[in-house]
1. Expressed as an acute angle from 0 to 90° and rounded to the nearest 10, what is the orientation of the C-alpha long axis of helix 74-95 relative to the principal long axis of the chain?
2. Go ahead and estimate [θ] at 222 nm for the chain from helices alone: -39,500 (n - 2.57) per DSSP H run with n ≥ 4, summed, over the residue count, rounded to 500.
3. Mind listing the phi-derived Karplus ³J(HN,Hα) values for the range 101-113, rounded to whole Hz, using 6.51, -1.76 and 1.60 with θ = phi - 60°, and x for any glycine or proline?
4. Mind ordering 12-19, 40-47, 61-68 by average Cβ neighbours within 10 Å, highest first?
5. Restricting to Cα pairs below 8 Å that are 6+ residues apart, what does the relative contact order work out to for the chain? Please round to a whole percent.
6. Residues with beta-carbon under 15 Å from that of Ala17, excluding Ala17: net charge, scoring Lys, Arg +1 and Asp, Glu -1?
7. So who's got an amide H within less than 5 Å of the one on Arg38, skipping anything under 5 residues away but keeping other chains? H placed 1.01 Å off N, in plane.
8. Any idea what % of Cα-Cα pairs in the range 1-107 are farther than 24 Å?
Amino acid sequence: MPSSHPTTAELTQSVIAAGREWQVEISSSDQGLRITGRSGKQLDVPIEFAVTGDDLYAYYVEVGKSRLYPEDQKWQQWQSLMSTHLLEALHELDRHEAPCVITVGTTGFTATPRQLN
């Protein structure tokens, strides 16, 4: 469990771990997070997370405000709520008929139709 101020690497790894819970392969690179597989199948086109390290930290802080868990269990609260939000975003991906990216919205991770140039 990280300190009260998790690093970007710790937050990133927690998102990757949450993906494994839902049979989603999430990878991290210099370009950020991306979903590369679902239910054991590799995706032809990875789904990008349009999220920076600062976005993840702000999301972590916002999740901590809900006080569903005791103050000393902020990390467990983050893992639980973020994982649930990730699952909701995966369901949104399936409902959209256009390519999407994962963003952080007012309710956590969400699938947002990708802006095509």
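Read the figures in this text as sums done on the coordinates, not as results from a lab. All of these numbers come straight from a predicted model, not from anything done at the bench. Here the Cβ is made from the backbone with ideal geometry for all residues, glycine too, and neighbour counts use every protein chain on show.
1. 20
2. Counting only the DSSP helices, I get -13500 deg cm²/dmol.
3. Rounded to whole hertz, the list is 10, 9, 10, 9, x, 5, 10, x, 4, 8, 8, 10, x.
4. Final packing ranking: 12-19, 61-68, 40-47.
5. Taking the mean separation of contacting Cα pairs over the length of the chain, I get 21 percent.
6. Residues near Ala17 contribute -2 overall.
7. Correct list: Glu25, Leu43.
8. For the range 1-107, the fraction of Cα-Cα distances above 24 Å is 21 percent.
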